[in-house]
């Protein structure tokens, strides 16, 4: 059986799931294309922990880690089951790679995980494990991805969930997208599709646009996890590009 690709998806604002948007169709297409992985391992921008956390419960709660949105959003539940045996194996693998990690049996799925999964896999019938980001160190995030690489051969789908452009101060309801956001998306596409790992792991040095598009790095970091999990020197393919709230980038990438 060939290894599955790895994916980076943008999950947008929490209420993205309640509105019609092209990125919804992109996530639905992902679910159709990769319909039945044995387990999904997902890394979200909304869980950063040292030591690295690995959800190890047999089932998951749905964490509504936001406030001020439509009440309908708080009624959504994603009752995916876990995979405790695989979670233990993940912690062992991370330790062998020199990364401190531990099983967290009572942690659920935050919106960076369940929003894209609910759109791609609405039946919640595939086991899910969420792995935390190790820190805001981009090289450490790449190390995490590299440690996850071997699990692709076990029919496991590795997903990084963040945002290709994520500056909340630049959001607007007029759906006006600045040239700076479009220019960064063009830079990111070129870097990913050319396999420029040095630029991707050192974006502050590679492009002057990075501080404006990512004032903090947690929504960018899952892209490095996904890329590294596909193997050294992996080149990606942009499979979707759009914006929401004007300047929130919703680009998605596949690494093979």
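Between 142, 97, 80, the Gaussian network model of the chain with springs among Cα atoms under 10 angstrom shows the greatest mean-square fluctuation at 97. Of the beta bridges in the chain, as assigned by DSSP with both residues counted there, near 35 percent are antiparallel. Relative to the globular-protein estimate of 2.2 N^0.38 Å, the Cα radius of gyration of the range 203-256 stands at 1.22.
Spin-label pair residue 21-residue 77: with each label point 7 Å from Cα along the Cα-Cβ axis, the two points sit 2.5 nm from one another. Residue exposure proxy: 100, 146, ordered by other Cβ atoms within 10 angstrom of their Cβ from fewest to most, comes out as 100, 146. Taking the chain as a Gaussian network of alpha-carbon nodes connected by springs under 10 Å, the highest mean-square fluctuation of the residues 238, 173, 107 belongs to 173. Taken along its three principal axes, the alpha carbon spread of the chain comes to 47, 43, 34 Å, from the longest extent down to the shortest. Taking 0.36 nm per residue of separation and subtracting the Cα-Cα distance, full extension of the segment from residue 180 to residue 95 would add 26.6 nm.
Between residue 3 and residue 67, the modelled label-to-label distance comes to 4.3 nm, taking each label 7 Å out from Cα in the direction of the beta carbon. Divided by 2.2 N^0.38 Å, where N counts the residues, the Cα radius of gyration of the range 1-47 comes to 1.31. A Gaussian network model of the chain, with springs between Cα atoms under 10 Å, assigns the largest mean-square fluctuation among 112, 178, 163 to 178.
Determine Rg/Rh for the range 126-256; Rg is computed over alpha-carbon atoms and Rh is the Kirkwood hydrodynamic estimate from the same atoms. Show your work: numbers first, answer last.
Details: Rg = 14.5 Å, Rh = 15.0 Å.
Value, to two decimals: 0.96.
Separation of the range 134-179 and the range 225-244, taken as the distance between their Cα centroids, equals 9 angstrom.
Does the range 6-75 classify as rounded, prolate or oblate by the C-alpha gyration tensor (a ≥ b ≥ c root eigenvalues; a/c under 1.5 gives rounded; else a/b over b/c gives prolate, otherwise oblate)? Since a/c reaches 1.5 but b/c is at least a/b, the shape of the range 6-75 is classed as oblate.
Is the C-alpha gyration tensor of the range 48-182 telling us rounded, prolate or oblate? Criteria: a/c under 1.5 is rounded; beyond that, a/b larger than b/c is prolate, otherwise oblate.
On the way: a/c = 2.03, a/b = 1.34, b/c = 1.52.
Verdict is oblate for the range 48-182.
Taking each residue as 0.36 nm, the span from residue 153 to residue 123 lengthens on full extension beyond its C-alpha to C-alpha distance by 8.4 nm. If contacts are Cα pairs under 8 angstrom and at least 6 residues apart, what is the relative contact order of the range 6-255 in percent? Computed over the range 6-255, the figure is 31 percent. Per residue of the chain, the DSSP helices (runs of n ≥ 4 H) give a summed -39500 (n - 2.57) that works out to -9500 deg cm²/dmol at 222 nm.
A short reminder: the numbers here are calculations on the coordinates, not readings from a lab. Here the structure is a predicted model, which means the values were calculated and not measured. Counting neighbours? That spans all protein chains shown, and the Cβs are built from the backbone with ideal geometry, glycine included.
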